[in-house]
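Have a look at the structure below before the remarks.
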Ligand SMILES: [Zn+2]
C-alpha cells in the first residue's frame, strides 16, 4: 500500500514537473513572440487574437465597421472620379515586419468633400484583403492618406495574375530584408500613379484599419479594375514574410457600399 502510494506520488510529481515545465516553455514562447511581434498573422498573435493582445486593439474584436470586407455594391450613385493630385516622389521603402511600405514625400493629396488627405505611404497584402463580389486577388495595394487632424482615407488597388508589373519590380528590387531599416527608393509621382488603373471606377464605403488598432472612420475607395502582376512577383513578396499578410474578411453589418 505504502509502496503504491509512494509510486503514484512520484508519478504525480513527475507529471506535475512535466506539466509545469511545458507551460513555462509555452509562457516564454508566448511572451517572446508578443515582445517580438506584438501582433501578427499566425498562431497566438493572429487576427482572431488581436483584440485580446492589447486593450488598445479592442475595436479589432468589437467594431461593427471593420475592413476588409467582401465588396458587393448596395447603391449605384455614379461616383465622380477620385480627386487625386499625386505630385511628389517616394522617399524610402521599409519592411515593418507586417508589410513592405513605400513612404511618400509630403505634397500628394486626395480631396474628399473639400477635405484634403495627404498621401503618406502605400503598402501591400497577399492575398488581397478585400474581395470583390466574392473574388480574392493575389495582391492588394493600400494607399494611405491622412488629414492634418488624422482622419484617414485609403485607396486600394487589386492585382491579378498576368504580366510582370514594372513599377512593382522597381519596389521589389529594393525590398529591405532587415526590419524597420529604411532603404532609399526613387519612384516619381508618375511611377506612383502608374500603379493605379486608368479606368477610374471604384467602390466607396466606410471601414477601418485592417491592422491593429483596427480604428474605424476610415474612408475606403477600392478601384474596380485590377492591375497586372506576375506569379513570380507575388511569390517574391510572399517569401519575404513566409506567410500571408491579409486579415480575414469581416462582417459588413449591412453597411452601405456605393459604386
Ligand atoms: Zn493595408
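Each reported figure results from applying straightforward, stated rules to the coordinates on display, with no laboratory input. Only a predicted model underlies this, so the values are computations on that prediction, with no experimental measurement involved. Backbone-built Cβ (ideal geometry, glycine too); neighbour counts: all protein chains shown.
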inquiry  = Could you check the spin-label model distance between residue 217 and residue 183? Points 7 Å from the Cα along Cα→Cβ, value in nm.
reply    = 3.7 nm
task = Pick out which of 234, 183, 218 has the largest mean-square fluctuation in a Gaussian network model of the chain, springs linking Cα atoms closer than 10 Å.
result = 183
key: Where labels lie 7 Å past Cα in the beta-carbon direction, separation of residue 175 and residue 225 in nm   = 2.8 nm
query = For 220, 39, what's the fewest-to-most ordering of other Cβ within 10 Å of each Cβ?
reply = 39, 220
message = Using Cβ counts within 10 Å as a stand-in for footprinting exposure, how do 79, 139 rank, fewest first?
response = 79, 139
query = Going by how many other Cβ atoms sit within 10 Å of their own, how do 241, 124 line up, fewest first?
reply = 241, 124
ask   = Residue separation times 0.36 nm, minus the C-alpha to C-alpha distance between residue 55 and residue 106: what's the value?
value = 15.1 nm
task = Could you compute the FRET efficiency for residue 87 and residue 255, with r as their C-beta to C-beta distance and R0 at 25 Å, rounded to 0.05?
result = 0.15
query = Taking only Cα atoms, what is the 0 to 90° angle, nearest 10, from helix 2-37's long axis to the longest principal axis of the chain?
reply = 20 degrees
